[in-house]
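Worksheet: one structure, shown below.
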Amino acid sequence: MLNVIIERIINIRVLLYHIFLFMGLLIILIVTDILTILVLQEHFYHFSKAKYFLSIIIHVILSLAVWITFIELDSFRGFFDSPQHVWLMMNMTGLIVAVVIPRVLLDILHFTGKLVRIRKGDHLRFLTNAGLMIIIVFPYNNLVSVPFTGDLISKQKRSQ
């Protein structure tokens with residue numbers, strides 16, 4: 001009897017974890033994708049069609065990588081500690097850090113610039129440019145400097 005109660009409590013906990021984590025991430029991914037397309041369209045479309053189409057192509061490729069990994073992780077049916085699941089979780093974390101967080105920052109900066117110039121109906125281009133630079137520099141920083149720093153720290157600890 002006690003085992004059945006514990007099993008149901010665990011099942012409810014897993015269900016709540018799934019609902020809050022994955023559904024919250026799903027909402028963030030949907031809103032971020034829509035807002036980023038609007039930002040790219042407003043920033044590039046009337047000034048340079050080539051930059052606009054190139055940025056949309058890059059956006060679509062990165063969005064596909066994020067969505068494929070999210071769907072694989074959400075539909076995984078196996079043990080939580082299996083290497084495949086851990087690999088998927090690490091990939092999703094890397095994609096969130098390298099793709100989603102910079103997009104959220106771009107959206108925040110762009111719409112802040114739009115809010116500042118709400119009477120003109122325009123946006124502050126330098127804030128959107130700063131967000132675009134964050135999108136370029138942030139993944140580079142995480143992919144290059146973080147492992148390099150970790151390597152230096154581990155070498156320093158080994159030498160002591």
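Being β-branched (Val, Ile, Thr) and free of Cβ contacts under 8 Å to residues at least 12 places away in the same chain holds for only one residue in 66, 86, and it is 86. On the given criteria, is residue 20 modelled with pLDDT of 90 or more and either part of a helix (DSSP H, G or I) or under 24 Å from residue 98 (Cβ atoms) (or both)? Against the criterion (modelled with pLDDT of 90 or more and either part of a helix (DSSP H, G or I) or under 24 Å from residue 98 (Cβ atoms) (or both)), residue 20 does not qualify. Set side by side, the residues 46, 59 differ, and just one is of a type outside the set (Phe, Trp, Tyr), part of a loop (DSSP other than H, G, I, E, B) and out of contact with any strand residue (DSSP E or B) (no Cβ under 8 Å at 6 or more places or on another chain), which is 46.
On the stretch given as the range 73-116, residues that are of a type in the set (D, E, K, R) and either surrounded by 14 or more Cβ atoms within 10 Å (Cβ to Cβ) or in contact with a helix residue (DSSP H, G or I) (Cβ under 9 Å, 6 or more places away or on another chain) (or both) total 4.
The values are calculated or read from the model by the stated rules, or taken from the named source; none is laboratory data. It should be emphasised that the depicted structure is a prediction, and the values quoted were computed from it without experimental measurement. Here Cβ is always computed from backbone atoms with ideal geometry, including for glycine, and neighbour counts include all displayed protein chains.
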